[in-house]
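One structure is given below, encoded as structure tokens.
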Amino acid sequence: MATTTAGMAAATEPHRSSAATKATKKQHIADEPLTRHNWYKHVNWLNITLIVGVPIYGMFAAYWTPLQWKTAVWALAYYFMTGLGITGGYHRLWAHSAYSARLPLKIFLAAVGAGAVQGSIRWWSRDHRAHHRYTDTDKDPYSVRKGLLYSHFGWMLLKQNPKRIGRTDISDLNDDPVVVWQHRNYIKCVIFMGMIFPMLVTGLGWGDWWGGFIYAGILRIFVVQQATFCVNSLAHWLGDQPFDDRNSPRDHVVTAFVTLGEGYHNFHHEFPSDYRNAISWHQYDPTKWSIWIWKQLGLAYDLKQFKSNEIEKGRLQQMQKKLDQKRQTLDWGVPLEQLPIIDWDEYVARAKDGQALIAVAGVVHDVTSFIKEHPGGKALISSGIGKDSTAIFNGGVYNHSNAAHNLLSTMRVGVLRGGSEVEIWKRAQRENKDISFVSDSSGKKIIRAGSQVTRIAEPVASADAA
């Protein structure tokens, strides 16, 4: 439309330079189809170098660099420290404000977070808030709907149009002096905390300068990055959804082990301001444990938790949804309101005419195919044909089980006129009168065990059978 309008502009319109026109028409490369002719324009070469190229170099260099056990221990320890900088700092402290931290803890988390080399706090938290607000949509910067690899690191390897990412409020981050300082000095922080600091520890500590650079620096960065990326990919692909299944986040212990406790992602997306990801004592969440320890040391405070009542409501609603979905796959018999009304005389006549019909609690059932399978024998079930068998079925001869009532409901063929409450309920349903019953999420009536229409506590005969 813009091109057409420009082409039809009036002669009196001020002259536009060709450069300005091109700038107006220029489209972001991310909005153009990726082809074999322009693929290199879509690639974010800086991120390719940092996320793929440097780790490959580190792997080759490691072949000629002996790994000392002290360096291995330090690399593992620094991996956990920088990992906590992301999970406990970038994520739970700054992106979600799940707790508050004193200045020394903020400085520590900002420093080791920079050592993870995943962007500044401000940039990381801004995208993560957009991810939560626009989960699985085009405004989600790393939507798993675009593919597992895309959500893992493809969104960083390919250029994105920043205008396509959903907007979020980061005014609180702009007011945090630690966040602002780290953002302005991010490159210096990354170089020092990512490479120089871990190398200084190994070099000054036991003379392993090169080993510190390769193992505690390059390869440690690669591992902590890939672990964090799993929160965007694996946590939206592997596991269960105990709280909500409308979006992709899932819970799985494997993801939790990989991501320092961020694997209970379905819970996290439902209750993002909770400082925990894992709420059960046996679930692996070292980030939660670390935050709790920081509180005991006076470094953290105001640890937020959703009320257990709200958590259990969400869990119960999801369980009910799954039950409803399962219920819809089962045969519960023709609903009473869809059955025809049969006069008593017609019922008796059809039974005498050879149809194996029995009446229980005002509902007519065709038991022809079940007579030979009746556990109580053919004679007993045949004795109720053409009669009101309510009393017989409910204790007169045998007090049938819940399973028997469920099975009987699948044999319904009609409702007796004068069949007490059954016909009244059916008529009211047909006339759209207010009839109270419990229904599932699809509007289907829920039949609880023991509440089947055929189960009568004190058997009564129908009026016409008296």
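The values are calculated or read from the model by the stated rules, or taken from the named source; none is laboratory data. None of the values given here were measured: they were computed from a predicted structure. Heads up, the Cβs are rebuilt from the backbone with ideal geometry, glycines too, and the neighbour counts pull from every protein chain shown.
Here is a check on your reading of the model: is Phe257 part of a helix (DSSP H, G or I), buried (at least 22 other Cβ atoms within 10 Å of the Cβ) and of a type in the set (A, V, I, L, M, F, W, C)?
Details: part of a helix (DSSP H, G or I): yes; buried (at least 22 other Cβ atoms within 10 Å of the Cβ): no; of a type in the set (A, V, I, L, M, F, W, C): yes.
The answer is no for Phe257.
Please tell me if Ser171 is of a type in the set (S, T, N, Q) and closer than 19 Å to Ala101 by Cβ.
Numbers: of a type in the set (S, T, N, Q): yes; closer than 19 Å to Ala101 by Cβ: yes.
Yes; evaluated as a whole, the condition is true for this residue.
With the condition kept exactly as written, say whether any residue in the stretch 318-340 is of a type in the set (Val, Ile, Thr) and assigned to a helix (DSSP H, G or I).
Here is the first cut: in the stretch 318-340, the ones of a type in the set (Val, Ile, Thr) are 329, 334.
Pick out the ones that are also assigned to a helix (DSSP H, G or I) and you get none.
No.
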Does Ser290 fit the bill of being assigned by TED's automatic domain parsing to the domain that holds Gly85 and in a loop (DSSP other than H, G, I, E, B)? no
When the residues of the stretch 363-391 are filtered to those that are under 46 Å from the mean Cα position of the chain (by Cα) and in a strand (DSSP E or B), which remaining residue is nearest to Gln452 (Cα to Cα)? Val363
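Does the stretch 202-217 hold any residues that are surrounded by fewer than 24 Cβ atoms within 10 Å (Cβ to Cβ) and in a helix (DSSP H, G or I), and which are they?
From the stretch 202-217, those surrounded by fewer than 24 Cβ atoms within 10 Å (Cβ to Cβ) are 203-210, 213; that's our starting set.
Scanning the stretch 202-217 gives Gly203, Leu204, Gly205, Trp206, Trp209, Trp210, Phe213.
Of the residues Thr71, Thr65, only one is surrounded by 14 or more Cβ atoms within 10 Å (Cβ to Cβ), modelled with pLDDT under 95 and either of a type in the set (S, T, N, Q) or not in a helix (DSSP H, G or I) (or both); which? Let's see the steps before the verdict.
Working: Thr71 fails: modelled with pLDDT under 95.
After applying the criteria, what remains is Thr65.
Out of Ile311, Ile291, report the one residue that is among the hydrophobic types (A, V, I, L, M, F, W, C) and out of contact with any Asp or Glu (no Cβ under 9 Å at 6 or more places or on another chain). First the steps, then the outcome.
Working: Ile311 fails: out of contact with any Asp or Glu (no Cβ under 9 Å at 6 or more places or on another chain).
Going through Ile311, Ile291 in turn, just one is among the hydrophobic types (A, V, I, L, M, F, W, C) and out of contact with any Asp or Glu (no Cβ under 9 Å at 6 or more places or on another chain): Ile291.
Could you look through the stretch 142-158, keep only residues that are more than 13 Å from Phe229 (Cα to Cα) and modelled with pLDDT of 90 or more, and pick out the one that is nearest to the chain's Cα centre (by Cα)? Write out each step before concluding.
So the first thing to find is which residues in the stretch 142-158 are more than 13 Å from Phe229 (Cα to Cα), and the list is 145-147, 158.
Okay, now just the ones that are also modelled with pLDDT of 90 or more, so 145-147.
On the way: Arg145: 13, Lys146: 16, Gly147: 16 Å.
Selected residue: Arg145.
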State all residues of the stretch 239-251 that are surrounded by fewer than 20 Cβ atoms within 10 Å (Cβ to Cβ) and touching a Phe, Trp or Tyr at 6+ places or on another chain (Cβ under 8 Å); if no residue qualifies, say none. Pro242, Ser248
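Can you say whether Ala300 is modelled with pLDDT of 95 or more and assigned by TED's automatic domain parsing to the domain that holds Gly261, as far as the supplied structure shows?
Values: modelled with pLDDT of 95 or more: yes; assigned by TED's automatic domain parsing to the domain that holds Gly261: yes.
Against the criterion (modelled with pLDDT of 95 or more and assigned by TED's automatic domain parsing to the domain that holds Gly261), Ala300 qualifies.
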So which residues in the stretch 294-338 are surrounded by 12 or more Cβ atoms within 10 Å (Cβ to Cβ) and among the hydrophobic types (A, V, I, L, M, F, W, C), if there are any at all? Trp294, Leu299, Ala300, Leu303, Phe306, Ile311, Met319, Leu323, Trp332, Val334, Leu336
